[in-house]
Structures are given as C-alpha cells and as structure tokens.
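Trainee: Take this structure, written in structure tokens, and hold onto it; I'll ask about it next.
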Ligand code: FEO
C-alpha cells in the first residue's frame, strides 16, 4: 500500500512473475493491477480491484489503509484483471455499491453474476461526491472494451484512466522514473490492445483535452506525474503518418527465403528505407506489435510448406490483420519448389489492412539473378512509394 495524496492510496498488486496475458500477450516485464482507495469526508470509494490471483495483496492493502468501510466500488472496466475480485469485496463490505456504466453493468452481471441491486449506473460526465472530493466519470468506449469509463478526481486533478495509457510493467516505483523504459512498455501495450481502436482512442483523447490533469493513474504500470509524456506519445501513435519503415517478418526452412530477405533488406537500406526484420520462429508477438505501430510497409517472407504458407507466417498475418495497424503497403516474398498457394493464402488473410498490395516476389528454389533483379524492383517501388507519401 502506498499513499498518493492525503487519503488517496494505491492498494493494487505488482505481478512480477506473470508471463502471459489473455493466454496470448507475452509479458516480458510482468505487470501490475492498480487499484486505488479514496477516503472522502463522507464516503469511501475503491477504484477497481485486482486480478483474482492477487486477492491477498488487495485485502492486505485495504487493511493497511484503514478501509473500515467502502461505500462505492467504481468499476471502470469489466475485464477480470480489474473486476474479478468485486464479488469478494462485496462480501467483505456488503454495504458497498458498484458504480459503472450501463454497458459495464450488463457485463458484470454476465461475467460475475452480480445482482442488479448491487449496481448503480452513471451517465457520461456524471459526478459522485465523497464529501470533500468529487469524481467526474468520463465515458471512454473502446479503450479497449465498449463499456469503459475513466474517473477524474476534481479537487486533486488526478485522472484514473484504467487500461487507457497503461503499460504491462512490474516496477516498485509508484511513478514513472525511466521514461524510455515506460515508453517501450506503453507502446507495446498500445500496439497489442489499443491499436485496433485508433479512431475511438483519438476521440477519447480529444475528450480528455478539456481537463486539467496533474497525474494519470492507470490500471497497469507506473503512474504519470508528467502526464504530457504519455498524452503526447498516444497522440503520435494515433495521429501520425507511418514512418519510412518496412516491417519484414520472415521464416525460412532451408535458406532460400532467408537469402531473399537478406538481399531485400540490403537493397532497402541502400535506398534509405528503414527496416525491422524479425525471425518469426523466435520473435514474440509484442515485438511485432510495437513495430506495427510505426511501419508503413509489411513484407512478409514465407517459404511454401504443404503447398501453402508456413504456419508461423500465417500466424503473423493473422495478428497483423487483427491489430489493424496504419500500414499503407504490403507484399509477400518467398520460395517454393513445385507448387504454392502461399501468396493467395496470405493476401486472403489480411482484409482489415487498408493497404496497396505491391507485386509479390515468389520464386522457384534458390534465388537466381532475375529473382534478385525482381527484389531490386520491389525495393525501388517501396522507396518510391515512401518518398511520394512523405514518410520520414
Ligand atoms: Fe487490464 Fe482490459 O484489462
């Protein structure tokens, strides 16, 4: 338990050891489930709970913070890492009411079997007084579920932002100490979770611009006592044009595709195009997600196996399609021997990407002179497209 301000406590849990979220997202630096207790002169509110695996930590912190009573459990978001302990908290504090959006209420009923009578719903911009402190609730749909809201504590100018602006980062520091480290974690988090909802996030950022914010207190990772750091980062991830970068994930079984990758990477660098190359057999999804935030072009390199794309390349295409990055161009390179449907398969897997498909270079066997010329042409086309669009 740590104190942010008088009668405002961080009562959540650090999860140093968690390695996977949603059984999907790698957590190389662990995570935290931040919850906050605010004692007003008349009422006390708990803001979110923690993942059920950290039950004891939250209860211990509530005891340490002297939470004799809880009047409101403000539930910003129904996902289990924040809402999962609400039923247990309701048992310990039976007088408490859950405060949430109407959409969140339905989700809490479905996910936790909460009874209607336990829940108070609030409208967008509605306020709730704790006596000497006032919350304003701000709907922020699709960061990253449709029911989400954030809370602004007016007197203290603290924005409790739930997943919005979060980072999967286990750290003993309450506030950001190393902005470079947090930038990478927050960008990874944005790429994995927020990027598919860029348009909604832009609207929600605009909505928050009217508030004087001194501290952003998210539900994952350290708090921001220099909010402009993360606000500016989000604005650039959401609004900026892609950069002069080719993302080149590849897999190669016997070296032909790798030879093409090496040649194309060299050709792109010679033409002033930045490249991020990843070996898909050892690259975790977060690395691809970070690179997808900025890249202008995706070149997926795959050999043919069992007459189609290599499954790890198909997995990367599926991921890129789901994350809906701001890519502008895409193509496929690789090698086959007698027949292949890899190009049709991969292009059929990326309907969400609003990209211009460039001419693939899909060749027979080890690359020959004419294949290298085709790769040079591809590098020329990419460099020219990037220049025409002014990508920097
Ligand atoms: Fe951290 Fe969407 O839950």
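Trainee: From the list 275, 251, 305, which residue is more than 16 Å from residue 340 (Cα to Cα) and at pLDDT 95 or above?
Mentor: 275
Trainee: Sticking with this structure for a sec: What tally of residues in the stretch 18-36 results from selecting those that are within 24 Å of residue 105 (Cβ to Cβ) and either within 11 Å of the ligand (Cβ to nearest atom) or crowded, with 24+ Cβ neighbours inside 10 Å (or both)?
Mentor: 4
Trainee: So which pairs qualify, if the first residue must be in the stretch 216-239 and on the phi > 0 side of the Ramachandran plot, the second must be buried (at least 19 other Cβ atoms within 10 Å of the Cβ) and assigned to a helix (DSSP H, G or I), the Cβ gap must be under 9 Å, and the two must be at least 6 apart or on different chains?
Mentor: 221/182; 221/185; 221/186; 221/189
Trainee: Provide a single number: the residues in the stretch 311-324 that are in contact with a helix residue (DSSP H, G or I) (Cβ under 8 Å, 6 or more places away or on another chain) and under 18 Å from residue 256 (Cβ atoms).
Mentor: The number of residues fulfilling the criteria is 1.
Trainee: Being more than 16 Å from the ligand (Cβ to nearest atom) and assigned to a helix (DSSP H, G or I) is the filter here; which residues of the stretch 187-229 pass it?
Mentor: Kept after step one, since they are more than 16 Å from the ligand (Cβ to nearest atom), are these residues of the stretch 187-229: 187, 198-199, 202-203, 205-215, 224-229.
Hits for the stretch 187-229 are 187, 198, 199, 202, 203, 205, 206, 207, 208, 227, 228, 229.
Trainee: Here are 46, 92: which of them is more than 30 Å from residue 184 (Cβ to Cβ), crowded, with 20+ Cβ neighbours inside 10 Å and at pLDDT 95 or above?
Mentor: Exactly one of 46, 92 is more than 30 Å from residue 184 (Cβ to Cβ), crowded, with 20+ Cβ neighbours inside 10 Å and at pLDDT 95 or above, namely 46.
Trainee: Do we find that residue 178 is more than 16 Å from the chain's Cα centre (by Cα) and without any contact (Cβ under 8 Å) to a residue 40 or more places away in the chain in this structure? Walk me through how you get there before you give the answer.
Mentor: Working: more than 16 Å from the chain's Cα centre (by Cα): yes; without any contact (Cβ under 8 Å) to a residue 40 or more places away in the chain: yes.
Yes; evaluated as a whole, the condition is true for this residue.
Trainee: Restricting attention to the stretch 358-373, report how many residues are in contact with a helix residue (DSSP H, G or I) (Cβ under 8 Å, 6 or more places away or on another chain) and under 20 Å from residue 265 (Cβ atoms).
Mentor: 10
Trainee: Tell me whether the stretch 82-99 contains one or more residues that are closer than 19 Å to residue 130 by Cβ and touching a residue at least 60 places away in the same chain (Cβ under 8 Å).
Mentor: No - not one qualifying residue is present in the stretch 82-99.
Trainee: In the stretch 259-280, which residue that is touching a strand residue (DSSP E or B) at 6+ places or on another chain (Cβ under 9 Å), in contact (Cβ under 8 Å) with a residue 40 or more places away in the chain and in a helix (DSSP H, G or I) is nearest to residue 25 (Cα to Cα)?
Mentor: 261
Trainee: State all residues of the stretch 31-44 that are over 18 Å from residue 150 (Cβ atoms) and not in a strand (DSSP E or B); if no residue qualifies, say none.
Mentor: Passing the criteria: 40, 41, 42, 43.
The values are calculated or read from the model by the stated rules, or taken from the named source; none is laboratory data. What you see is a predicted model, and the numbers here were worked out from it, not measured in a lab. Ideal geometry is used to build each Cβ from the backbone, glycine not excepted, and the neighbour counts take in all protein chains shown.
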